[in-house]
Amino acid sequence: MKCPLCNNDKYFITDKFQFEELKTLWQKRHKFDPFSNQNFSGDLVKIKCVNCDIIYFSPAFFGEKDFYEKISDNQSYYGSNKWEFDVAIDTISEYKPKSLLEIGCGDGCFLEKVVIAIDHCEGIDINLSAVEKAKKKGLNVSASSLKAIKQKFDMIVSFEVFEHIENIADFFNDTLHLVEKDGILLIAVPNPNGYLKEMDANLLDLPPHHNLSYSKKTFDFIADKYKLKILEYKQEPLRYIHYNGYLNSLVDSDRRLYGNSITNSILAKFRKIVFRLFSILTFVQDRKNIIGQTHLVAFQKM
Ligand SMILES: [Zn+2]
């Protein structure tokens, strides 16, 4: 097995998940089983490349269009106010690009914030129903592939997309081909060192949803490999809503450790109530020590 980013064949095995357990959890939480047409058995193995530090999985399994259509129906999948949108807007006001492409624009939540500010704004997404919604907002959005785009852009942005991509080395090449010299590629992805690493079996952080995970070390490797300069690197501060989820998951993992007796269930409920009562106070202190969900890098093409 070789690393999808640097082709190295040396890796660490960092975690394992049983397919049977994952299938049950998907049914329970999302009412469908994304592995139903696959012949997977045994374990899904989480791997970290020794060379570039990227995290990937074996067997590889990537969600297709219908997977994203299902999952984006099930929840508020495309949030309209994200930390990374604000950081990108700051970057835009500093560098003033005349053209911008968003890869994986969903229903256009980000594009509609910046479309008036930039001469030419365009978006692409594989999710056809999201593309239709974006078009209804009057945005220049299509389902075209990177290879089909002929124009170059001063800035390309992509939020929570690069962790889903198959053939990532080609994808970086194709993306950077569309960036003008001195132009910017800004990507936001989940932070593998964020608080989520403390929470177990987060289904959406595994295939077929997330297939790759990038650390700061991986961003440095990418800058080196593709001759880019890192203009900025930022980590999302912990958000209060995520903090509450984090506290609940701590109670649950404790409960798994000590069993599901009635006493333990009552105790867990009680602890959740106490946590909720005091979390507004402890948050102020804890957010200094707990890293949030997302991190962002802006590369400049040399
Ligand atoms: Zn690698």
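The values are calculated or read from the model by the stated rules, or taken from the named source; none is laboratory data. Not measured: the values here are computed from a predicted model. FYI the Cβ positions are ideal-geometry reconstructions off the backbone, even for glycines, and counts take in every protein chain you see. For the accessible areas, the whole protein counts, side chains as well, though only heavy atoms, and no ligand, DNA or RNA atoms are used. Shrake-Rupley method; radii C 1.70, N 1.55, O 1.52, S 1.80 Å.
If the requirement is being in contact (Cβ under 8 Å) with a residue 24 or more places away in the chain and open to solvent by less than 20 Å² (accessible area, probe 1.4 Å), which of these qualifies: ILE92, ILE126, ILE165?
ILE92
Looking only at segment 1-22, which residues are touching a strand residue (DSSP E or B) at 6+ places or on another chain (Cβ under 7 Å), more than 9 Å from the ligand (Cβ to nearest atom), touching a residue at least 40 places away in the same chain (Cβ under 8 Å) and not β-branched (Val, Ile, Thr)?
Listed by number, the residues that qualify are MET1, PHE17, LEU22.
Residue-by-condition table, conditions (1) open to solvent by 20 Å² or more (accessible area, probe 1.4 Å); (2) in the same structural domain as ASP220 (by TED's automatic domain parsing); (3) not small (Gly, Ala, Ser):
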position	(1), (2), (3)
TYR56	no, no, yes
PHE62	yes, no, yes
LYS96	yes, yes, yes
ASP107	yes, yes, yes
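Test ASN81 against the criterion of being open to solvent by 70 Å² or more (accessible area, probe 1.4 Å), polar (S, T, N, Q) and not assigned by TED's automatic domain parsing to the domain that holds GLN18, and give yes or no.
yes
Answer yes if at least one residue in segment 143-156 is without any contact (Cβ under 8 Å) to a residue 12 or more places away in the chain and open to solvent by less than 70 Å² (accessible area, probe 1.4 Å), and no otherwise.
Yes, the conditions are met somewhere in segment 143-156.
Within segment 4-42, work out how many residues are over 22 Å from PHE172 (Cα atoms) and open to solvent by less than 90 Å² (accessible area, probe 1.4 Å).
Going through segment 4-42 one residue at a time, the tally reaches 18.
Among helices (runs of 4 or more DSSP H) lying entirely in segment 186-302, which contain 1 or more residues that are outside the structural domain of ILE168 (by TED's automatic domain parsing) and open to solvent by 50 Å² or more (accessible area, probe 1.4 Å)?
Once the helices (runs of 4 or more DSSP H) in segment 186-302 are filtered for at least 1 residues that are outside the structural domain of ILE168 (by TED's automatic domain parsing) and open to solvent by 50 Å² or more (accessible area, probe 1.4 Å), what remains is 240-258, 262-286.
Between a residue in segment 96-121 that is in a strand (DSSP E or B) and any residue that is of a type in the set (Ser, Thr, Tyr), which pairs come within a Cβ distance under 7 Å, given they are 6 or more apart or on different chains?
As it stands, the answer is GLU102/SER158; ILE103/SER158; ILE103/THR175; HIS120/SER99, since those pairs meet every condition given.
Quick one: in segment 43-54, of everything that is in a loop (DSSP other than H, G, I, E, B) and open to solvent by less than 50 Å² (accessible area, probe 1.4 Å), which residue is nearest to the ligand (Cβ to nearest atom)?
CYS52
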